1. Report yes if Leu264 is within 30 Å of Val137 (Cα to Cα) and away from the ligand (no atom under 16 Å from the Cβ), otherwise no.
2. What number of residues within the stretch 278-327 are in contact with a Leu (Cβ under 8 Å, 6 or more places away or on another chain), small (Gly, Ala, Ser) and more than 23 Å from Phe26 (Cα to Cα)?
3. Checking the condition surrounded by fewer than 20 Cβ atoms within 10 Å (Cβ to Cβ), among the small types (Gly, Ala, Ser), at pLDDT 95 or above and more than 16 Å from the ligand (Cβ to nearest atom), which residue from Ala277, Ala257 passes?
4. Please specify each residue of the stretch 17-42 satisfying the condition of being of a type in the set (S, T, N, Q), buried (at least 18 other Cβ atoms within 10 Å of the Cβ) and part of a loop (DSSP other than H, G, I, E, B).
5. Applying the selection to the stretch 209-235, what residues are within 26 Å of Lys255 (Cβ to Cβ) and either out of contact with any helix residue (DSSP H, G or I) (no Cβ under 9 Å at 6 or more places or on another chain) or aliphatic (A, V, I, L, M) (or both)?
6. Select from the stretch 192-213 the residues that are surrounded by 19 or more Cβ atoms within 10 Å (Cβ to Cβ) and in a helix (DSSP H, G or I) and list them in ascending order.
7. Would you pick out the residues in the stretch 318-332 that are over 21 Å from Ile349 (Cα atoms) and among the aliphatic types (A, V, I, L, M)?
Amino acid sequence: MKLQDRGQVEKLAKFKSPKNLVTSFFLDTDKSRLSRKEIGLAMKNLILRGRDRLESTDLDKNTKESLVRDLDKIQAFAEDQIPAAHHAGLAVYSCSSENFWQDFDLADPPRNQLLIDQNPYVRPMTAILENHPRLCVLLLDRREAQWYEVFMDEGRLVENLTSDVPTKIQAPGGSDRKNTKTLERRISAHIHEHFKKAAQVTLDMLKKNPFNWLFVGTIDVHRSGFEEILHPYVKAKLAAWLKAKPSTPTDQVIKEAVGIQDELKKKDEEALVARFAAELEKGGLAVSGTRETLDSLNQYQAQTLIVTRDYSVPGLICRSCSRLYLSGASCPVDGKALLPVVDVVDEAIEAAFKKNCGVRHITAPSKLDRYGKIGALLKFKNHGA
Ligand SMILES: [Zn+2]
């Protein structure tokens, strides 16, 4: 099924097996960046690593058997899905001994991961729901107004309005200029009323069910007039003008809106990286590179973690205080021994979530590559640092 709302994740998070462990699997299937072969290879590597881990851990026979079956089923499912996949990501949760299985199509690419734990690992799903923009699409002409809600690349008509605006026929009683003028004035007053109503409905929607971006589809001549009467809150959300109009078929409306959304998301990413680079270059509130970024997380300085989508590197964790390191034998803070982790970037993302630090994934190639593929915007800087 498609990941669409929080309810799905909440339901999933409730699953618990009294005796067995759950496998959580995430695969980046974004074909705009990756070839089918690359996706297949990444999947096989994940499963292989999972199998190795099972071999080397001490689990009772039943638990292990259930996990082995999970991996078999997930591999078969992924092999089947990859060729036709048109979503940016795939998530699977499985606990074979409990006959538990859920798979999700994701609108944004996740980090490739395979986790075995007591509960389904839902954080990547929550992150996608939180980071994906909610769109309000308004299609407007002189008589009609339609509102669509678009989220996770799916949309539906939620409201419409038809106003009684006279059509531009000749005034009854003759074609003299005076009558025509009067009628034109009456028509434009009606259109103005219609636009005002449409602007009010949009404001009510924003208050009731906040959206991130407003896209408006209307002909050029109406644009500036409509923009003028929008409430400042709504105007601040206006992000694009669409070609679609009230007579455009729904699937075409959604397609145009999603296309523009993707372009805006890309621009948004670029703007974030540019802000980060500017901050770094002036020695401001930013750090770059894995070591410095881990330090900033360890010290609760990081406000937003910025990481290249598929960047991954091994590292170390202190199981006592959860601080992360790239090298060392013991934790400099409490002296406890450090344990190796396969991917310290994953651990950093997890730590960021726990510390209420935002996480932004950047698609390569980007300016972030020059700064070691990872960095953070900071809340503050330590004195002397
Ligand atoms: Zn420690």
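1. So Leu264 passes the test.
2. Final tally of qualifying residues: 5.
3. Ala277
4. Matches in the stretch 17-42: Asn20, Thr29.
5. Across the stretch 209-235, the qualifying residues are Asn209, Pro210, Asn212, Leu214, Val216, Ile219, Asp220, Val221, Arg223, Leu230, Val234.
6. Across the stretch 192-213, the qualifying residues are His194, Phe195, Ala198, Ala199, Thr202, Met205.
7. Ala329
Quick grid of which residues meet (1) of a type in the set (Ser, Thr, Tyr); (2) closer than 23 Å to Asp80 by Cα; (3) outside any loop (DSSP other than H, G, I, E, B):
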| site | (1), (2), (3) |
| --- | --- |
| Val9 | no, no, yes |
| Phe15 | no, no, no |
| Lys44 | no, yes, yes |
| Ile47 | no, yes, yes |
| Arg53 | no, no, yes |
| Lys64 | no, no, yes |
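The values are calculated or read from the model by the stated rules, or taken from the named source; none is laboratory data. Nothing here was measured: the structure is a model prediction, and the numbers come from that model. In this analysis, Cβ positions are derived from the backbone assuming ideal geometry, glycine residues included, and neighbour counts consider all displayed protein chains.
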